[in-house]
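Peer 1: Here's a structure for you.
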Amino acid sequence: MKRLLLLIIVAFSFATSVYGQNFYGGLIAGGTMSQIGGDDRGGYHKVGIVGGAFAGLNLTEYFDVQMELKYIQKGSLSNDIENRPGSDPFLIKLDYIDLPIVFSYNLKNININEFNLKPLNLEFGLSFDFLVNARQEMLGLEVTASDPWRKVVLNTVLGVRFDINDDFAIGLRTINAMTSICKSSKYQYSNGVVRYTRRLLPYYGMFNDVVQLAVFWKI
């Protein structure tokens, strides 16, 4: 894992140095709210942080592509003790190094009631999560009997970014796992605490769902 992260950092730095003046870059800082599909609990109750750096390139007048390297906290939190007396409070805390590649489309060619939408950008892309830390608790006690978490997860990224000025922007994104964050199964596994679900692939598992609100600072 350390070698993989080092390779990502080196590639990120090389890309920026090669393109020089054609690239812009900066820092990212913000927060997350997350849940896990397949843990038999709903609601974006797990709060976390996100931070890192980005480098982008203007492809055309309207399209940009942006590569990011971030630390992001995901997981699930439930305190439904009344309805789940044998399993709550329940916590899954997953920390990742996140590597998104995001395309953005600027809406400068659209006007609504004589108001130009130039500050708005629609975002779409993919990201790879590399697990760096995992913790699971049930009834306030850490669960150490098993380590089901996958080291690499593929996500989709959709969002909207508002340019405050030339240096600062605020972005709201939804980041959803397309591959299971744990060992998957051909059948819908259920043990009374979690109940697996499935998405695009014909396998059951658990999936991160995250809402991210962050500030982008060009430097």
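Readers should treat all values here as calculations from the given coordinates under stated rules, not as data from a laboratory. Everything numeric in this text was worked out from a predicted model, so none of it was measured. All Cβ positions, even for glycine, are placed from backbone atoms using ideal geometry, and neighbour counts span all protein chains on display.
Peer 1: If you line up the long axis of helix 2-19 against the longest principal axis of the chain, both from Cα atoms, how many degrees apart are they, to the nearest 10?
Peer 2: So the helix axis and the longest Cα principal axis differ by about 10 degrees.
Peer 1: In the chain, which longest range has no GluC sites (Glu not before Pro) that are both DSSP loop (not H, G, I, E or B) and surrounded by at most 16 other Cβ atoms within 10 Å?
Peer 2: 115-219
Peer 1: Need the full-extension length gain, Asn165 to Ala29, defined as separation in residues times 0.36 nm minus the C-alpha distance. One decimal, nm.
Peer 2: That works out to 47.3 nm of additional length.
Peer 1: If you take Cα extents along the principal axes in Å from the coordinates, which of (i) 56, 47, 32; (ii) 59, 33, 30; (iii) 42, 39, 36 do you get?
Peer 2: (i)
Peer 1: Find out how many positive minus negative residues lie around Asn106, taking Lys and Arg as positive, Asp and Glu as negative, among other residues whose Cβ is under 13 Å from that of Asn106.
Peer 2: Net charge in that neighbourhood comes out at -1.
Peer 1: Still on this model: Whole percent per 5 Å bin, from 0 to the bin with the longest distance: what is P(r) over all C-alpha pairs of the stretch 109-178?
Peer 2: That works out to 4, 12, 14, 14, 14, 12, 10, 7, 6, 4, 3, 1, 0, in percent per bin.
Peer 1: Using the Karplus curve 6.51 cos²θ - 1.76 cosθ + 1.60 with θ = phi - 60°, what ³J(HN,Hα) values do you get for each residue of the stretch 183-199, in whole Hz, with x for Gly and Pro?
Peer 2: In residue order, the calculated couplings are 4, 8, 9, 6, 10, 6, 5, 8, 10, x, 10, 10, 9, 4, 10, 9, 10 Hz.
Peer 1: Hey, another quick one. For Lys108, which aspartates and glutamates qualify as cross-link partners when the Cα separation must be under 19 Å and same-chain residues fewer than eight apart are set aside?
Peer 2: Of all the aspartates and glutamates, those that pass the test against Lys108 - Cα under 19 Å, at least 8 places apart if same chain - are Glu61, Asp64, Glu123, Asp163, Asp166, Asp167.
Peer 1: Just grab the label-to-label distance for Leu200 and Val152, each label 7 Å out from Cα along the Cβ direction, in nm (one decimal).
Peer 2: 1.6
Peer 1: Name the most mobile residue of Asp147, Asp166, Asp64, meaning the one with the largest mean-square fluctuation, in a Gaussian network model of the chain with Cα contacts below 10 Å.
Peer 2: Maximum fluctuation in the GNM of the chain, among the listed residues, is at Asp166.
Peer 1: If you don't mind, there's one more thing I want to ask. Once you list every other residue whose beta carbon is under 13 Å from the beta carbon of Lys183, what net charge do they have if Lys and Arg are +1 and Asp and Glu are -1?
Peer 2: Neighbour charge sum, excluding Lys183 itself: +2.
Peer 1: Oh, and also: With the crude spin-label approximation of a point 7 Å out along Cα→Cβ, what separation in nm comes out for Ile49 versus Val215?
Peer 2: It is 1.4 nm.
Peer 1: Follow-up question, since we're still on this one. Per DSSP helix of 4 or more residues, -39500 (n - 2.57); summed, then divided by the residues of the chain. What does that give at 222 nm, rounded to the nearest 500?
Peer 2: -3000 deg cm²/dmol
Peer 1: Under 13 Å from a point 7 Å along the Cα-to-Cβ line of Asn79: which residues of the stretch 139-177 have their amide N that close?
Peer 2: 140
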